[in-house]
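Chemist: One structure coming up, written as structure tokens, with questions to follow.
The values are calculated or read from the model by the stated rules, or taken from the named source; none is laboratory data. All values reported here derive from a predicted model rather than from experimental measurement. Cβ coordinates were reconstructed from backbone atoms using ideal geometry, including for glycine residues, and neighbour counts include every protein chain displayed. Remember, those area values only see protein heavy atoms, side chains included, never the ligands or the DNA or RNA. Shrake-Rupley method; radii C 1.70, N 1.55, O 1.52, S 1.80 Å.
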Amino acid sequence: MFQRILPAALALLLAAAAHAGDKGVTPTEIRLGASQVLSGPLGPQTREYGVGAQLYFDSVNAAGGVHGRKISYTTLDDGFDVKRAVENTRKLIQEQEVFMIFNNTGTAQTGAILPLAQETRTVIFGPVTGASSFRENVNPFLFHVRAGYANEARAIVGQLKRTGITRVAVFYQDDPFGKALLTELKAASAAEALPFLAEVKVDPKQPDFKAAAQQTVAVQPQAVILGTAGTTFPNFVRAVLQTGGKPSFYGFSVASLDVINKELKEQARGIVLAQIMPSLRNSSVPVVAEYLKLLREKAPEAVPSASQFEGFVHARLLVEGLRRAGKNLSTDSFIKAMESAGEISFGKFVAKYSPQSHNGSSYVELAIVDNSGNLRY
């Protein structure tokens with residue numbers, strides 16, 4: 001008798017585990033959540049992602065939601081600490097019973113929460129990381145939106161090579177995020193046969209920008225590529241400029257233009273940033289026009305933000321997937337809908353999904369900060 005009961009009990013346990021991630025879908029609600037870095041150097045930028053995402057979610061909810069369900073979105077601060085990110089994610093999944101982890105931040109943090117997502121069959125959608133380690137193999141519960149760091153690194157180093165710049169240094173923050181950017185830059189450097197003069201690192205928790213700047217200018221670079229984000233980016237640029245050095249500065253898309261302008265003001269001009277979203281000045285792109293329209297309707301005096309726009313696009317793409325998954329929304333139906341989506345186009349911005357790739361977009365352009373503090377593509 002025991003042998004007959006055990007398979008039945010096991011089947012019930014497996015069925016419960018299979019649907020654990022679906023508790024966040026009710027007849028009236030779809031619960032989303034994320035552990036994010038809302039404090040510290042990266043905090044201001046990450047909060048802008050959330051503002052943009054919420055702007056779109058609010059518009060969807062005001063129009064009746066997705067198949068009659070309103071979207072709720074909860075974020076918890078992890079201060080860029082991996083352990084806290086795991087604790088927050090466990091709380092969101094097990095206590096608050098979210099359906100999906102949406103737009104969490106951090107490379108190491110994403111890696112740390114993946115086992116929990118797989119265990120509970122919870123999708124992670126649109127993490128703010130471009131690390132190749134998450135893109136080389138398909139994880140059924142992980143869907144990317146933004147282009148990978150490898151795409152950005154190739155665009156930056158390729159541009160330097162084409163313009164004849166040969167003396168290049170790299171500055172990066174000494175943590176998994178900065179090291180991921182460094183890895184991609186070194187791969188691009190090898191591909192372009194453009195070796196770096198120096199690789200200068202800083203402890204993001206106790207940064208010595210003066211020492212890092214002196215180490216950088218000592219090799220007399222024509223250009224410095226920054227593998228960092230948040231306030232670490234402008235603090236390093238300011239320290240280099242204070243030495244009298246005047247190299248060109250290049251950064252990844254995770255560097256916030258809003259933070260750079262706020263901290264550097266007129267000294268921001270000439271900085272080149274890789275961008276993984278279309279220009280906000282190009283309102284002929286449908287998703288740009290949609291963002292600007294909703295932003296004006298909510299707050300006519302609001303200033304458009306590149307970080308907000310990225311969060312908006314993440315939310316826009318997620319909602320497209322939720323709609324395609326149909327009225328009987330579940331983890332399985334969402335995964336099936338996304339893997340059968342092929343190309344999802346918002347004009348110039350295109351994301352691609354299939355059973356063989358969850359990598360989303362490969363869109364990268366380089367843009368320079370002009371005299372008015374805007375990005376000119």
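Chemist: Could you grab me the full set of residues in the stretch 352-368 that are surrounded by 15 or more Cβ atoms within 10 Å (Cβ to Cβ) and in a strand (DSSP E or B)?
Modeler: Listed by number, the residues that qualify are 352, 353, 358, 359, 360, 365, 366, 367, 368.
Chemist: Condition first: in contact (Cβ under 8 Å) with a residue 24 or more places away in the chain and assigned to a helix (DSSP H, G or I). Now tell me which residues in the stretch 337-351 satisfy that.
Modeler: The one that is in contact (Cβ under 8 Å) with a residue 24 or more places away in the chain and assigned to a helix (DSSP H, G or I): 338.
Chemist: Kindly provide the set of residues from the stretch 21-48 that are part of a helix (DSSP H, G or I) and under 25 Å from residue 121 (Cα atoms), ordered by number.
Modeler: 21, 22
Okay, residues lined up against (1) charged (D, E, K, R); (2) modelled with pLDDT under 95; (3) buried (at least 18 other Cβ atoms within 10 Å of the Cβ); (4) touching a strand residue (DSSP E or B) at 6+ places or on another chain (Cβ under 7 Å):
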position: 279; (1), (2), (3), (4): no, yes, yes, yes
position: 290; (1), (2), (3), (4): yes, no, yes, no
position: 303; (1), (2), (3), (4): no, yes, no, no
position: 337; (1), (2), (3), (4): no, no, yes, no
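Chemist: Output the qualifying pairs, or none if there are none: Cβ atoms under 9 angstrom, residues six or more apart or on different chains, first residue in the stretch 51-64 and outside any helix (DSSP H, G or I), second residue open to solvent by 40 Å² or more (accessible area, probe 1.4 Å).
Modeler: 64/70
Chemist: Regarding residue 241, is this residue crowded, with 17+ Cβ neighbours inside 10 Å, at pLDDT 95 or above and of a type outside the set (Ser, Thr, Tyr)?
Modeler: No: the conditions fail for residue 241.
Here is a yes/no grid of residues against (1) at pLDDT 95 or above; (2) among the aliphatic types (A, V, I, L, M); (3) closer than 30 Å to residue 120 by Cα:
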residue: 259; (1), (2), (3): no, yes, no
residue: 268; (1), (2), (3): yes, yes, no
residue: 274; (1), (2), (3): yes, yes, no
residue: 283; (1), (2), (3): no, no, no
residue: 329; (1), (2), (3): yes, yes, yes
residue: 344; (1), (2), (3): yes, yes, yes
residue: 353; (1), (2), (3): yes, no, yes
residue: 356; (1), (2), (3): yes, no, yes
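Chemist: I want to confirm something. Restricting to the stretch 255-277 and keeping residues that are part of a loop (DSSP other than H, G, I, E, B) and not basic (Lys, Arg), which single residue is most open to solvent (accessible area, probe 1.4 Å)?
Modeler: The residue in question is 270.
Chemist: Working only within the stretch 105-134, note down all residues that are assigned to a loop (DSSP other than H, G, I, E, B) and modelled with pLDDT under 95. Before you say what the answer is, go through the steps one by one.
Modeler: At the first step, the residues of the stretch 105-134 found to be assigned to a loop (DSSP other than H, G, I, E, B) are 106, 121-122, 126-127, 129-131.
Scanning the stretch 105-134 gives 106, 129, 130, 131.
Chemist: Identify, from the list 94, 54, 109, the residue that is out of contact with any Gly (no Cβ under 7 Å at 6 or more places or on another chain) and under 18 Å from residue 320 (Cα atoms).
Modeler: Numbers: 94 fails: under 18 Å from residue 320 (Cα atoms); 109 fails: under 18 Å from residue 320 (Cα atoms).
Checking each option against the conditions leaves just 54.
Chemist: How many of the residues making up the stretch 156-185 are within 19 Å of residue 128 (Cβ to Cβ), surrounded by 21 or more Cβ atoms within 10 Å (Cβ to Cβ) and not acidic (Asp, Glu)?
Modeler: Result for the stretch 156-185: 9.
Chemist: A follow-up question, please. Name the single residue, out of those in the stretch 316-335 being among the basic types (Lys, Arg) and either part of a loop (DSSP other than H, G, I, E, B) or touching a residue at least 24 places away in the same chain (Cβ under 8 Å) (or both), that is most open to solvent (accessible area, probe 1.4 Å).
Modeler: Taking the candidates together, the pick is 327.
Chemist: For the stretch 186-222, give me the residue count where each residue is of a type outside the set (Gly, Ala, Ser), open to solvent by 20 Å² or more (accessible area, probe 1.4 Å), in contact (Cβ under 8 Å) with a residue 24 or more places away in the chain and in a helix (DSSP H, G or I).
Modeler: So the count comes out to 5.
Chemist: Go through the stretch 65-102 and count every residue that is part of a loop (DSSP other than H, G, I, E, B), in contact (Cβ under 8 Å) with a residue 60 or more places away in the chain and open to solvent by less than 30 Å² (accessible area, probe 1.4 Å).
Modeler: Adding up the residues that qualify gives 2.
Chemist: Taking only the stretch 161-177 into account, find how many residues are in contact with a helix residue (DSSP H, G or I) (Cβ under 8 Å, 6 or more places away or on another chain) and assigned to a helix (DSSP H, G or I).
Modeler: 3
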